[in-house]
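> Take a look at this one; I'll ask things after.
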Amino acid sequence: MVSFAGSHGQDPVPADHPLRTYAMAKLAADRHLVASGLDWTILGPGLLTLDEPTGRIDVGRFDGDVQAPTSRANVAAVVAAVLADPATVGKVIPFRDGETPIAEAIADVPAQYADLDS
């Protein structure tokens, strides 16, 4: 599932944000998927850009900076990488363009990111 970097907690975006309804629906969908019993991986890119791909990302919850730039091409590369790596099942991977090669970055994702309530 492709979600967004801030998809966790009880109130991930301010009430007056123009994408609040969308963000809350994404969070509800993420929670539903986690509870479904299916194998799942949730990707949380930051603000999507048309920048050239770098093949490098940083993984982490970027509270206060969920709009961290993330090239669409890097998102596609992360999707391909997690589909090829069964160890990513059951993980939530918030990320943005960064310094770590994608395969390395997705191999070391903290388990606590899968707690969408915190």
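The values are calculated or read from the model by the stated rules, or taken from the named source; none is laboratory data. As the structure is a computational prediction, the values presented were derived from the model and not from experiment. All Cβ positions, even for glycine, are placed from backbone atoms using ideal geometry, and neighbour counts span all protein chains on display.
> Quick check, is THR100 touching a Pro at 6+ places or on another chain (Cβ under 9 Å) and farther than 25 Å from ASP117 by Cα? Steps first, answer last, please.
Numbers: touching a Pro at 6+ places or on another chain (Cβ under 9 Å): no; farther than 25 Å from ASP117 by Cα: yes.
Against the criterion (touching a Pro at 6+ places or on another chain (Cβ under 9 Å) and farther than 25 Å from ASP117 by Cα), THR100 does not qualify.
> VAL34: aliphatic (A, V, I, L, M), within 13 Å of the chain's Cα centre (by Cα) and surrounded by 14 or more Cβ atoms within 10 Å (Cβ to Cβ), yes or no? Give the steps one after another, and end with the answer.
On the way: aliphatic (A, V, I, L, M): yes; within 13 Å of the chain's Cα centre (by Cα): no; surrounded by 14 or more Cβ atoms within 10 Å (Cβ to Cβ): yes.
For VAL34, the condition - aliphatic (A, V, I, L, M), within 13 Å of the chain's Cα centre (by Cα) and surrounded by 14 or more Cβ atoms within 10 Å (Cβ to Cβ) - is not met.
> Residues of the stretch 37-83 being modelled with pLDDT under 95 and either among the aromatic types (Phe, Trp, Tyr) or part of a helix (DSSP H, G or I) (or both), which ones?
Result: PHE62, single match.
> Then there is this: Can you confirm whether ALA23 is farther than 24 Å from ILE102 by Cα and modelled with pLDDT of 95 or more?
Values: farther than 24 Å from ILE102 by Cα: yes; modelled with pLDDT of 95 or more: no.
Judged against the criteria, ALA23 is not a match.
> Sticking with this one: Kindly establish whether LEU27 is without any contact (Cβ under 8 Å) to a residue 60 or more places away in the chain and of a type in the set (A, V, I, L, M). Steps first, answer last, please.
On the way: without any contact (Cβ under 8 Å) to a residue 60 or more places away in the chain: no; of a type in the set (A, V, I, L, M): yes.
The answer is no for LEU27.
Residue-by-condition table, conditions (1) among the acidic types (Asp, Glu); (2) surrounded by fewer than 15 Cβ atoms within 10 Å (Cβ to Cβ); (3) within 11 Å of the chain's Cα centre (by Cα):
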{"position": "ASP16", "(1), (2), (3)": "yes, yes, no"}
{"position": "ALA28", "(1), (2), (3)": "no, yes, no"}
{"position": "ASP39", "(1), (2), (3)": "yes, yes, no"}
{"position": "LEU50", "(1), (2), (3)": "no, yes, no"}
{"position": "GLY60", "(1), (2), (3)": "no, no, yes"}
{"position": "ARG72", "(1), (2), (3)": "no, yes, no"}
{"position": "VAL78", "(1), (2), (3)": "no, no, yes"}
{"position": "ARG96", "(1), (2), (3)": "no, no, yes"}
